[in-house]
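> Quick one: the structure is below, and I'll ask about it shortly.
Computed from the coordinates by the stated procedures, all read-outs in this text should not be read as laboratory data. In this text the structure is predicted, and so the values were computed from the model without any measurement. In this analysis, Cβ positions are derived from the backbone assuming ideal geometry, glycine residues included, and neighbour counts consider all displayed protein chains.
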Amino acid sequence: MSTDWGEIYRRSYLDVVRFLYRKVWDQDRAQDLAQDAFVRCLDHEPDNPRALLFTVAANLARDEARTVLRRRKHLTLLKGEARDSAPDDPSADSERSEQTMRVEAALEQLTERDREVLLLWDAGLSYQEIAAQTKLSTGAIGTTLARARKRLVDAFESLEGARHAAR
């Protein structure tokens, strides 16, 4: 049986973009990575196309994160060299809202497994698909997801409390 990637694209594109956005925190980049994920999957005939798609998307996001870290290190070095000649632009980093930054920070406080399970669930994957992606048992997904949600809420509330205390 041939995989109907067109139908999978129509049903899953927005879920994949949302999943990737929460990994890279850039809407345009998330859309680009989603397109790349679909292109890389076209030559495959998997038993579970959606699971393959999210696996490829997660790998692309991981690669993207490594690239961003390398760029940041390089830019930090360049910024240090240029500090003598040009003042810092404080408005350059003010693109995101405060709440988005706190959500991102709260997600970063989670373990990789908790973050992955939450993002896959948020992207619309079933417990079976999440289990296949994360190598956890299907029965463990509900518990892992509940604990991850609690940890996310606790981390966010902690950041909220710190923000209010700083005022």
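> Provide the gained length on full extension for the span residue 43 to residue 25, in nm with one decimal, where the gain is 0.36 nm per separating residue minus the Cα-Cα distance.
3.6 nm
> If I model a spin label as a point 7 Å beyond the Cα along the Cα-Cβ vector, how far apart are those points for residue 147 and residue 108 in nm?
Simple spin-label model gives 2.4 nm for this pair.
> Follow-up. Go through 140-151, 110-121 and give me the packing order, highest mean Cβ count within 10 Å leading.
110-121, 140-151
> Once phi is turned into ³J(HN,Hα) by the Karplus curve 6.51 cos²θ - 1.76 cosθ + 1.60 with θ = phi - 60°, what whole-Hz value does each residue of the stretch 149-159 show in order, with x for glycine and proline?
Per-residue couplings from phi come out as 4, 4, 5, 5, 4, 4, 5, 5, 5, 5, 5 Hz.
> Shifting gears a bit: Could you work out the Kirkwood radius for the stretch 96-162, taking every pair of different alpha carbons, averaging 1/r and inverting it, reported in Å?
12.3 Å
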